Amino acid sequence: MAVCVYRTSRVLVQGITGKEGSYHALACKDYGTKVVAGVTPGKGGQKVGDIPVFNTVEEAVKETHPNVSLIFVPPPFAADAILEAVGSGIKTVVCITEGIPVLDMVKVKRVIEKEGVTLIGPNCPGIITPGATKIGIMPGHIFTRGSVGIISRSGTLLYETADQITRAGLGQSTCVGIGGDPIVGTDYIFWLKKFEEDPETEAVMMVGEIGGNAEEKAAEFIAQGGIKKPVFAFIAGRTAPPGRRMGHAGAIIMGKSGTAESKYEALRKAGVYTIENPGYIGETIAKVLREKAII
């Protein structure tokens, strides 16, 4: 069973005529995703491959009935693109764009919460259920259908983790990148709940990083019994100096909060299997699941 997006999901690509938008729209379609339309203002009537392009999301929804939007719009216009999708009735939005102004995202966050919209990202690689659908920019060939769900703040580490899990003889149920910006749509707790409900998922791998308190909140949720399935975690950025941004906008340590050590401590207290060497993620998950006779 897929989580949140499905083989039947109908995908609209906003910003489809740009270099990134056109490339990944066609890559998703090649993977098997139902990409039914694209939107670029002023370019309605064109096609990208055999995907029709519309001037507005409203027109695309009326003609092709998408229920997921994938966004490749430049940062100054991306918040408006998200709101346009929400305003047209789309309930699941995947935003790849990096660097959307924080104040723009404050407005977006308020609207999506009010409208009950699932926003994945921004600044994320998207979501994939191997063998079923890929909505984003991840390389589909490294993923294998299986029983481990992955939630990651990092795109690159999401790919590395999936590859290790595959090489360990397991596979992935659904993998999602939640984004590396200070304000994102969904968090670890949202996805832990989804994976707990998913009958195909037998364990969950969290890939975290320094900065913010998302991992500590997830640890509190797990400690309170929010998920019964085994949860594993790795935190990136242990050697990053305080006060300096390391890659993602959300990955910055201020004072004593948001450090790798504080996150590991909270996760360990919650009963999470913490992994401190990224080279042993797949091996550790397989070992624990075999010892617990889960696989």
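The values are calculated or read from the model by the stated rules, or taken from the named source; none is laboratory data. Owing to the predicted nature of the structure, the values given are computational and were not obtained by experimental measurement. So basically every Cβ, Gly included, is an ideal-geometry build from the backbone, and we count neighbours across all protein chains shown. Ligands, DNA and RNA are stripped out before the accessible areas are found, and what is left, the full protein with its side chains, is counted by its heavy atoms. Shrake-Rupley method; radii C 1.70, N 1.55, O 1.52, S 1.80 Å.
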Might you check whether a residue that is touching a residue at least 60 places away in the same chain (Cβ under 8 Å) and not basic (Lys, Arg) occurs anywhere in segment 219-226?
no
Within segment 41-55, is even one residue in contact with a helix residue (DSSP H, G or I) (Cβ under 9 Å, 6 or more places away or on another chain), within 18 Å of ILE135 (Cα to Cα) and touching a residue at least 40 places away in the same chain (Cβ under 8 Å)?
no
Any pair with Cβ under 9 angstrom, 6 or more apart, that starts in segment 163-174 at a residue that is closer than 17 Å to GLY131 by Cβ and ends at one that is open to solvent by 20 Å² or more (accessible area, probe 1.4 Å) and basic (Lys, Arg):
GLY171/ARG145; GLN172/ARG145; SER173/ARG145; THR174/LYS194
Return the residues of segment 171-186 that are hydrophobic (A, V, I, L, M, F, W, C) and either out of contact with any Asp or Glu (no Cβ under 9 Å at 6 or more places or on another chain) or surrounded by fewer than 23 Cβ atoms within 10 Å (Cβ to Cβ) (or both); say none if nothing qualifies.
CYS175, VAL176, ILE183, VAL184
Please enumerate the residues belonging to segment 49-86 that are under 17 Å from HIS24 (Cα atoms) and loosely packed, with under 15 Cβ neighbours inside 10 Å.
GLY49, ASP50, PRO74
From the set of residues in segment 109-134 that are without any contact (Cβ under 8 Å) to a residue 40 or more places away in the chain and not in a loop (DSSP other than H, G, I, E, B), which is least open to solvent (accessible area, probe 1.4 Å)?
VAL111
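Here's the yes/no breakdown for (1) in contact with a Phe, Trp or Tyr (Cβ under 7 Å, 6 or more places away or on another chain); (2) closer than 21 Å to ALA79 by Cβ:
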| residue | (1), (2) |
| --- | --- |
| GLY116 | no, yes |
| PRO139 | yes, no |
| ARG145 | no, no |
| ARG153 | no, yes |
| TYR159 | no, no |
| GLY185 | no, yes |
Answer yes or no as to whether VAL3 is touching an Asp or Glu at 6+ places or on another chain (Cβ under 9 Å), open to solvent by less than 30 Å² (accessible area, probe 1.4 Å) and hydrophobic (A, V, I, L, M, F, W, C).
yes
Residue count, segment 25-58 (criterion: of a type in the set (S, T, N, Q) and either assigned to a strand (DSSP E or B) or over 22 Å from GLY87 (Cβ atoms) (or both))
2
With the structure loaded, tell me whether ILE137 is open to solvent by 10 Å² or more (accessible area, probe 1.4 Å), at pLDDT 95 or above, touching an Asp or Glu at 6+ places or on another chain (Cβ under 9 Å) and not basic (Lys, Arg) or whether it fails that test.
yes
Checking ILE16 against (1) open to solvent by less than 10 Å² (accessible area, probe 1.4 Å); (2) in contact with a Gly (Cβ under 6 Å, 6 or more places away or on another chain); (3) within 29 Å of ILE151 (Cβ to Cβ); (4) outside any loop (DSSP other than H, G, I, E, B), the condition it does not meet:
(4)
Kindly state which strands (runs of 3 or more DSSP E) lie completely within segment 170-258 and contain at least 3 residues that are modelled with pLDDT of 95 or more and hydroxyl-bearing (Ser, Thr, Tyr).
none
Which residue, of VAL86, VAL94, VAL148, is free of Cβ contacts under 8 Å to residues at least 40 places away in the same chain and outside any loop (DSSP other than H, G, I, E, B)?
VAL86
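Residue-by-condition table, conditions (1) surrounded by fewer than 17 Cβ atoms within 10 Å (Cβ to Cβ); (2) at positive phi:
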| site | (1), (2) |
| --- | --- |
| GLU20 | yes, no |
| VAL35 | no, no |
| GLY38 | no, no |
| GLY44 | yes, no |
| LYS47 | yes, no |
| THR92 | no, no |
| GLY99 | yes, yes |
Selected residue [open to solvent by less than 10 Å² (accessible area, probe 1.4 Å) and on the phi > 0 side of the Ramachandran plot] from GLY225, GLY237, GLY211
GLY211
